[in-house]
């Protein structure tokens, strides 16, 4: 079992997105210290394997500023919990200075997270048989291995990635 944080705000606007209401940056509840404490409390039980961050688009530049300190707090207080981030950006885009999501925070976010599910949802590549993603262009990236090796390494279902 995992705890999910849905982040509001998305400029990618994928066709047939399952959460189009989260495209608006002002959708939902404000992200406050109380929200952080509620999430940390929900993450504490041993049977919870980790945090999943999705949206909207968690890696929109406006969202990264609040997300980075929260993810750092999760890792510090609950180091055995895994962090998965779903993003419409590819790993390569996140590393490219021409991408709006390539901010000063992005390297730290990617170094804290365990798995990145990258790539926009593509309705023509939708596949309900895929695990943990909606379309075949999306990848499950093992971030620790990718950053160590300097090349994209796919997550293969290790206990380290799922928790």
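The values are calculated or read from the model by the stated rules, or taken from the named source; none is laboratory data. As the structure is a computational prediction, the values presented were derived from the model and not from experiment. With ideal geometry, Cβ positions are generated from the backbone for all residues, glycine too; neighbour counts draw on all protein chains shown.
Here is how the numbers come out for the structure above:
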| item | result |
| --- | --- |
| Residue check for residue 117: buried (at least 16 other Cβ atoms within 10 Å of the Cβ) and in a strand (DSSP E or B) | yes |
| Single condition residue 68 does not satisfy, out of (1) modelled with pLDDT of 95 or more; (2) over 19 Å from residue 12 (Cβ atoms); (3) surrounded by fewer than 15 Cβ atoms within 10 Å (Cβ to Cβ) | (3) |
| Criterion (within 20 Å of residue 69 (Cα to Cα), free of Cβ contacts under 8 Å to residues at least 40 places away in the same chain, over 18 Å from the mean Cα position of the chain (by Cα) and not in a helix (DSSP H, G or I)) met by exactly one of 30, 45 | 30 |
| Selection status of residue 87, surrounded by 14 or more Cβ atoms within 10 Å (Cβ to Cβ), at pLDDT 95 or above and in contact with a strand residue (DSSP E or B) (Cβ under 6 Å, 6 or more places away or on another chain) | yes |
| Candidate set from region 48-62 (those that are in a strand (DSSP E or B) and in contact with a helix residue (DSSP H, G or I) (Cβ under 9 Å, 6 or more places away or on another chain)); member that is nearest to residue 19 (Cα to Cα) | 55 |
| Count of region 63-91 residues which are closer than 23 Å to residue 157 by Cα, part of a helix (DSSP H, G or I) and in contact (Cβ under 8 Å) with a residue 40 or more places away in the chain | 2 |
| Hits in region 92-104 (condition: assigned to a loop (DSSP other than H, G, I, E, B) and in contact (Cβ under 8 Å) with a residue 24 or more places away in the chain) | 100, 101, 103 |
| Some residue of region 141-163 being within 16 Å of the chain's Cα centre (by Cα), surrounded by 15 or more Cβ atoms within 10 Å (Cβ to Cβ) and in a strand (DSSP E or B) | yes |
| Every pair of residues 6+ apart whose Cβ atoms lie under 6 Å, when the first sits in region 109-128 and is at pLDDT below 95 while the second is loosely packed, with under 14 Cβ neighbours inside 10 Å | 123/15; 123/16 |
